[in-house]
Amino acid sequence: MPLKMIHVILPAAAENHIRNIAANNSVISCEKGDTLDGDHVEYHLLTQPGERQIVIDSLQKLLGTSSRSRINIMPVEATLPDVEIQATGDTREELMIKMRQGASLDGNYLMLTFLSTVVALIGLLQDNVAVVIGAMVIAPLLGPNLAFAFGTSLGDKKLMTQAFTTALGGMAMAISISAIVGFIWGSVPESREMLGRTAVGLDGMALAAASGIAGVLSLTSGLSMTLVGVMVAVALLPPAATFGYMLGLQEWKMANGALLLLIVNVVCVNLSGLLVFFAKGVKPRLWFERRMAKPFLLSGMAIWSGLLLLLIFVIGVTPR
């Protein structure tokens with residue numbers, strides 16, 4: 001359910017401020033809880049998605065009043081009487097938690113990348129669409145790509161660096177594994193699934209752009225991104241596996257085609273994701289943070305757009 005309960009711990013003197021925030025932002029209910037040690041009080045605010053970001057931004061201004069102050073955001077499965085939901089979506093703070101998890105270069109990420117690459121290679125070599133799709137289900141490539149776009153929107157250099165490192169590490173692993181398999185296999189298979197990833201067209205660009213847009217919309221709406229993750233993996237993992245495989249075979253022409261497709265898809269996913277974050281109004285809370293983030297946002301749009309135009313030109317002049 002899109003309703004969330006905001007649990008706040010603040011000094012008792014802040015009660016009037018909390019009441020005003022609740023009254024001015026259509027909070028469904030604002031209840032005072034227990035009094036804690038040190039003259040602090042708990043408050044429980046039941047909020048709708050459309051107002052939650054404003055409420056949290058206002059409450060954050062009160063956090064500096066005490067080192068014990070805290071804001072917790074908790075999901076609400078149901079509430080009675082029923083409440084009509086006007087919108088859906090997560091706050092900037094909730095999105096940040098998801099992005100940091102998706103951009104984490106840990107053992108789980110590497111293991112899932114390894115397994116999805118192996119399964120994708122099996123599907124590509126056997127020309128089995130079902131197996132390729134199965135690899136997409138476990139491929140974790142959505143997280144770092146959207147995290148990079150999110151970090152660019154906020155001007156968060158730490159998140160951008162982490163997401164870039166994670167995405168690069170995953171791609172490098174997929175390409176390396178595929179190159180080893182290609183070297184061992186020793187021949188180009190008669191597989192439409194694999195050979196289809198050695199050329200790029202506008203349809204591939206449209207798939208990658210749609211994947212990025214769907215990923216951000218699902219993320220910001222608080223919906224499940226499993227199916228969207230499959231879309232992004234379809235756009236990124238098979239070209240990466242095909243590129244590595246052809247490198248292992250030293251089939252340079254087909255390797256170049258797969259690499260071009262991979263680069264096009266990466267650019268489309270990141271550009272579309274960045275544009276949707278911008279359209280959804282995702283930006284830092286404080287004005288000076290927004291001012292510092294603006295060059296990152298504009299530069300990101302300019303760089304990704306320039307790369308996309310360059311790639312379209314290269315595709316147009318490249319013989320097939």
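List of remarks:
- Candidates G248, G300 - the one that is in a helix (DSSP H, G or I), touching a Gly at 6+ places or on another chain (Cβ under 8 Å) and at pLDDT 90 or above: G248
- Evaluated against (1) charged (D, E, K, R); (2) under 29 Å from V276 (Cβ atoms); (3) surrounded by fewer than 17 Cβ atoms within 10 Å (Cβ to Cβ); (4) not assigned by TED's automatic domain parsing to the domain that holds L154, R70 falls short on exactly one condition, (2).
- In the range 9-30, of all residues being touching a helix residue (DSSP H, G or I) at 6+ places or on another chain (Cβ under 6 Å) and closer than 15 Å to T91 by Cβ, the one that is surrounded by the most Cβ atoms within 10 Å (Cβ to Cβ) corresponds to I21.
- Qualifying residue in the range 128-144 (condition: more than 21 Å from the chain's Cα centre (by Cα), small (G, A, S) and surrounded by fewer than 16 Cβ atoms within 10 Å (Cβ to Cβ)): yes
- Checking each residue of the range 25-34 against the condition of being of a type in the set (D, E), under 21 Å from the mean Cα position of the chain (by Cα) and farther than 27 Å from L286 by Cα gives no match.
- Some residue of the range 127-145 being among the charged types (D, E, K, R), part of a helix (DSSP H, G or I), assigned by TED's automatic domain parsing to the domain that holds L307 and in contact (Cβ under 8 Å) with a residue 60 or more places away in the chain: no
- Subset tally (residues that are surrounded by 13 or more Cβ atoms within 10 Å (Cβ to Cβ), of a type in the set (A, V, I, L, M, F, W, C) and within 27 Å of G155 (Cβ to Cβ)) for the range 73-119: 6
- Tabulated pairs, the range 151-180, first outside the structural domain of A103 (by TED's automatic domain parsing), second surrounded by 20 or more Cβ atoms within 10 Å (Cβ to Cβ) and not in a loop (DSSP other than H, G, I, E, B), C-beta under 6 angstrom, 6+ apart or interchain: none
- When we screen W287, W304 for residues that are farther than 30 Å from I122 by Cβ and touching a Cys at 6+ places or on another chain (Cβ under 9 Å), the only hit is W304.
The values are calculated or read from the model by the stated rules, or taken from the named source; none is laboratory data. This is a predicted model, so every value here is computed, not measured. Don't worry about glycine lacking a Cβ; one is built from the backbone with ideal geometry, like all the others, and counts go over all protein chains shown.
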